[in-house]
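Just below is one structure, and these are the notes that go with it.
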Amino acid sequence: MSAVNEVLIRDIVDEILGRIGSPPSAAPAPVAAAKPDCGCQHSQKGPAGGQFGVFQDANQACEAAAGAFVKLQKGGIAARQKVIDIVKTMAESNAKEWGRIELEETKIGRLDHKIEKLLGIKGIPGVEWLRPYGLSGDHGITLEEYTPFGVIGAITPSTHSIPTLSGNIVNMVAAGNAVVFNAHPSASRCAALAIRAYNQAIQRETGIENLCCIIEQPTLDSFKALCASEHVRLLCVTGGPGVVKAAMQAGKRAICAGPGNPPVLVDDTACMKRAATSIIKGAAYDNNLLCIGEKEVFALDKIADKLMSEMENNGAVRLNSAQLDRLTKAAFTFKEGHGGGCAEASVNKDFIGKDPAVLAQAAGVNIPANTQLLFAETDGKHPFVIEEQMMPFVPVVRVKSVEEGIVEAKEAEHNYKHTAIIHSHDVEHMTAMARALDTTLFIKNGPCMAGLGAGGEGYLSFSIATPTGEGVTNPKTFTRVRRCVMVDNLRIY
């Protein structure tokens, strides 16, 4: 591997492993034994040194997955469907237990929403999406099919560890692929637990071993090996700008789910109660860990007070300026000597995904036990506006006009082209914001989750590929299009 690629891959791993949780050098503890309802038998060994898909060595994992891919091909569509049914059924039946285990390991987010995300796996699309295109004419018959890559190397985040890998398995196996995961170290134990359970059931029901593999102790070396493996034909990674840049230069096709900092614009035609409840529902979901979650609000000056009043009426707690200052100093770190300028701010990972009570304590305020979200009025340059902070807090910024709000929203979104939200009954305002921000997801008059089928029309995915353009991933995302042509005058009529 070239020196350039060495640096790029190190950037990938440093960003993935360093942002939330353990540093790259930290090795996670061994995977805890699963309860009987998970169907795991941890004393048994699978082939190639693996333990039902869990490997210590990335090269062995990739080799085993390549063998599983061949068996999946032989099993045809029926085998793919069987695997999908297994994953969806197990994600639902183990949702409470696996949600609890993931929360205990990562210590971020909310248990009820961890469970909901696993229950939502049943909404991930499968083989039904892969409909071939056929054409017949005077010169013969042409068939275009969606065919697999083979083995996919996937990086999963700590924010939605088991849901992401479960959803990826459904999409990738529906497309006919095998997959090897390199999980975030802060969520590697729960990920390995789920992979063991899935593989045991898949092997029992289909005879296919190691269809979805994982590196038990993810490291820099395991990631490098995954990228370099001759068996891996496609990468699917989640992370910030450094991760995306490095993945796209790793010499293989990459599907990249990059960062987001979704803005919300509320104009004077919107229903304030609906806007307030939607903002609370979306920004509070799993303590604002969702990359599509409402991160900052721009409200027209004439309705800003009414919007904030409705937010208070619906259970959000407003911080005053002194409380906001205390929270800001705790939730961000600043370069010494810069006096807390927003350009020098970085998120304190100890506050990411924590409950509102933790943020309230830092702010010096007592809040009701059922509080889901904190908010405060800020200016457009505040760290809470600029940074993707992933906390159950939203800043509210006054703007004089829709045009100003769109400009501010675009600046806060950083041209990630990920997600934007508007509350308005004016179609021209909706169109203007949609055109200006050009985001992959654009939600109107609803919470962010509506963009992924929860309260809106559509389907669910936990990998939203914004930088590389695939958008909300589905089985087609993980396929190649193959054309098969038979030349002759074959038409009957």
Selection within the range 118-142 - part of a loop (DSSP other than H, G, I, E, B) and either open to solvent by less than 20 Å² (accessible area, probe 1.4 Å) or of a type in the set (Lys, Arg) (or both): Ile124, Pro125, Gly126, Arg131
Subset of the range 249-278 [in contact with a strand residue (DSSP E or B) (Cβ under 6 Å, 6 or more places away or on another chain) and either within 20 Å of Pro392 (Cβ to Cβ) or assigned to a helix (DSSP H, G or I) (or both)]: Gly260, Pro262, Pro263, Val264, Val266, Ala275
Residue match in the range 94-103 (condition: of a type in the set (Gly, Ala, Ser) and assigned to a helix (DSSP H, G or I)): yes
The lone exception for Thr473 - which of (1) open to solvent by 20 Å² or more (accessible area, probe 1.4 Å); (2) touching a strand residue (DSSP E or B) at 6+ places or on another chain (Cβ under 9 Å); (3) among the β-branched types (Val, Ile, Thr) it fails: (1)
Yes/no for Ile108 being assigned to a helix (DSSP H, G or I) and not hydroxyl-bearing (Ser, Thr, Tyr): no
Residue in the range 363-380 that is in a helix (DSSP H, G or I), in contact with a Phe, Trp or Tyr (Cβ under 6 Å, 6 or more places away or on another chain) and closer than 24 Å to Ile292 by Cβ present: no
Index of the failed condition, Arg189 passing every other in (1) open to solvent by 10 Å² or more (accessible area, probe 1.4 Å); (2) under 24 Å from Trp129 (Cα atoms); (3) in contact with an Asp or Glu (Cβ under 9 Å, 6 or more places away or on another chain); (4) of a type outside the set (Gly, Ala, Ser): (2)
Among (1) β-branched (Val, Ile, Thr); (2) touching an Asp or Glu at 6+ places or on another chain (Cβ under 8 Å); (3) crowded, with 21+ Cβ neighbours inside 10 Å, the one test that Ile303 misses: (3)
Residue in the range 424-482 that is farthest from Lys122 (Cα to Cα), counting only those that are touching a Pro at 6+ places or on another chain (Cβ under 7 Å) and assigned to a loop (DSSP other than H, G, I, E, B): Gly455
Counted residues, the range 143-172 - those being open to solvent by less than 10 Å² (accessible area, probe 1.4 Å) and over 18 Å from the mean Cα position of the chain (by Cα): 2
Every residue from the range 476-489 that is out of contact with any Gly (no Cβ under 6 Å at 6 or more places or on another chain) and loosely packed, with under 14 Cβ neighbours inside 10 Å: Val481, Arg482, Arg483, Cys484, Val485, Asn489
Residue in the range 403-423 that is most open to solvent (accessible area, probe 1.4 Å), counting only those that are within 26 Å of Leu324 (Cα to Cα) and either among the hydrophobic types (A, V, I, L, M, F, W, C) or part of a loop (DSSP other than H, G, I, E, B) (or both): Val407
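Residue-wise test of (1) assigned to a helix (DSSP H, G or I); (2) at pLDDT 95 or above; (3) over 19 Å from Glu105 (Cβ atoms).
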site	(1), (2), (3)
Glu144	no, yes, yes
Gly153	no, yes, yes
Asn171	yes, yes, yes
Val179	no, yes, yes
Ser186	yes, no, no
Ile195	yes, yes, no
Ile202	yes, yes, yes
Ile208	no, yes, yes
First in the range 91-103 and under 20 Å from Asp355 (Cβ atoms), second anywhere and at pLDDT 95 or above and open to solvent by 10 Å² or more (accessible area, probe 1.4 Å), Cβ under 6 Å, 6 or more apart: Lys96/Ile115; Gly99/Leu111; Gly99/Ile115; Leu103/Leu111
For Ile101: the one exception among (1) aliphatic (A, V, I, L, M); (2) under 30 Å from Arg483 (Cβ atoms); (3) more than 18 Å from the chain's Cα centre (by Cα): (2)
Count - residues of the range 451-491 that are within 28 Å of His139 (Cβ to Cβ) and without any contact (Cβ under 8 Å) to a residue 60 or more places away in the chain: 0
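The values are calculated or read from the model by the stated rules, or taken from the named source; none is laboratory data. Everything numeric in this text was worked out from a predicted model, so none of it was measured. Methodologically, a virtual Cβ is constructed for each residue, glycine included, from the backbone with ideal geometry; neighbour enumeration extends over all protein chains shown. Just the protein is used for accessible areas: all its heavy atoms, side chains included, with ligands, DNA and RNA removed. Shrake-Rupley method; radii C 1.70, N 1.55, O 1.52, S 1.80 Å.
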